[in-house]
Amino acid sequence: MAIPHPRGPTSDPLADFGIEVDADEMPDDIADLVADVDDPATGFFGPCSVMWRVNRENALFLVGVSSVLLQVGHPMVSAAGIEHSDFDEDLMGRFERTFDIVDTIVFGDVETAVEAAMIVRRMHESVVGELPGDAGRFEAGDGYYAERPDLMLWVHATLIDQSLVGYETYVDDLTDAERERYYEQSQIFGRLMGVPAEAYPETLADFYDYYERAIETDLAIGEAGEDVVETLFDQLGPLAPVARVLGAGSMPAGAREEFEQFGLTMTPTRKRLFDVFTRSIRAVPLWALPDSVRYREKFRLFGRHE
């Protein structure tokens with residue numbers, strides 16, 4: 001079903017997933033979103049969207065570690081990752097493929113974005129299991145499934161928060177209105193992935209109320225979470241110390257406490273290093289950077305930088 005954008009990409013951006021989906025089987029909730037699109041060639045967001053403005057920046061990879069840690073800090077999410085993915089063998093590759101499909105949905109034309117969303121939903125169908133051990137308020141044997149609205153919302157919430165944090169830390173400031181629009185546009189992405197529209201808090205302020213509550217009540221590093229976090233830093237090798245500083249500096253303070261056992265502390269020295277690093281990145285004139293350095297691969301692959 002993959003139909004490339006008229007100006008790109010030159011190859012199927014979803015071929016690596018090896019999953020075929022049929023456009024005729026498009027779920028009604030996706031069809032409703034498609035019906036609202038003005039120009040299918042520019043996808044669900046378009047060049048005037050805050051979604052493109054924020055998500056096109058490669059600088060967002062600097063909050064990649066904190067995003068991953070926040071997601072797997074939920075014991076149900078980490079358990080699903082351990083049981084149903086190749087986390088232990090190729091954790092970084094797994095996350096790279098995840099971000100590839102996210103960017104395909106954000107920057108692709110409507111047909112390619114829909115195919116990507118349907119592939120994600122197909123992959124999630126088989127992700128069902130039970131928590132292997134107690135973790136926070138959750139007990140061994142509690143059931144999870146990838147399409148559970150609260151789990152899907154949590155994973156997406158970490159992406160919303162950390163994308164805003166990454167952009168404003170390393171790229172540029174946003175106005176309150178722009179942040180609100182980003183949140184509204186992000187809901188379109190989430191709904192394509194299967195998050196029910198009614199699951200989202202109404203405003204960005206409401207969203208952060210939910211986010212802070214979830215950090216306080218749901219974040220708990222259980223056995224599966226420990227395995228994922230340790231695997232992540234093992235696979236990062238010599239970059240692990242840098243990743244710990246960037247991760248600790250980017251995530252909410254309340255969440256950071258849960259990861260202190262893995263070295264994600266923000267000591268005065270680390271805070272100074274983090275501040276120097278972020279100021280240095282922020283000082284780079286974006287106009288002087290080659291597109292291949294500044295912009296995400298899929299943003300360029302779909303010809304959105306032209």
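The values are calculated or read from the model by the stated rules, or taken from the named source; none is laboratory data. Owing to the predicted nature of the structure, the values given are computational and were not obtained by experimental measurement. As a convention, Cβ positions derive from the backbone with ideal geometry for all residues, glycine included, and neighbour counts pool all protein chains shown.
Quick notes
- Residue check, G222 farther than 26 Å from E115 by Cβ, touching a strand residue (DSSP E or B) at 6+ places or on another chain (Cβ under 6 Å) and of a type outside the set (A, V, I, L, M, F, W, C): yes
Here's the yes/no breakdown for (1) loosely packed, with under 15 Cβ neighbours inside 10 Å; (2) within 27 Å of F189 (Cβ to Cβ); (3) touching a Pro at 6+ places or on another chain (Cβ under 7 Å):
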{"residue": "T203", "(1), (2), (3)": "yes, yes, no"}
{"residue": "G222", "(1), (2), (3)": "no, no, yes"}
{"residue": "Q235", "(1), (2), (3)": "no, no, no"}
{"residue": "V245", "(1), (2), (3)": "no, no, no"}
{"residue": "E260", "(1), (2), (3)": "yes, no, no"}
{"residue": "R279", "(1), (2), (3)": "yes, no, no"}
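- Selection status of V68, at pLDDT below 95, surrounded by 23 or more Cβ atoms within 10 Å (Cβ to Cβ) and in a helix (DSSP H, G or I): yes
- Counted residues, region 162-197 - those being within 25 Å of S78 (Cβ to Cβ), among the charged types (D, E, K, R) and either out of contact with any Leu (no Cβ under 8 Å at 6 or more places or on another chain) or free of Cβ contacts under 8 Å to residues at least 12 places away in the same chain (or both): 0
- Of residues in region 249-258 being in contact (Cβ under 8 Å) with a residue 40 or more places away in the chain and touching a Leu at 6+ places or on another chain (Cβ under 7 Å), the one farthest from G225 (Cα to Cα): M251
- Criterion applied to A224, A248, A214 was being closer than 17 Å to S78 by Cβ and at pLDDT 95 or above, and the one residue passing it is A214.
- Among the residues of region 194-234, the ones that are under 20 Å from the mean Cα position of the chain (by Cα), of a type in the set (S, T, N, Q) and closer than 22 Å to L69 by Cα come to 1 in all.
- Selection count where residues are among the hydroxyl-bearing types (S, T, Y) and free of Cβ contacts under 8 Å to residues at least 12 places away in the same chain, scope region 21-77: 0
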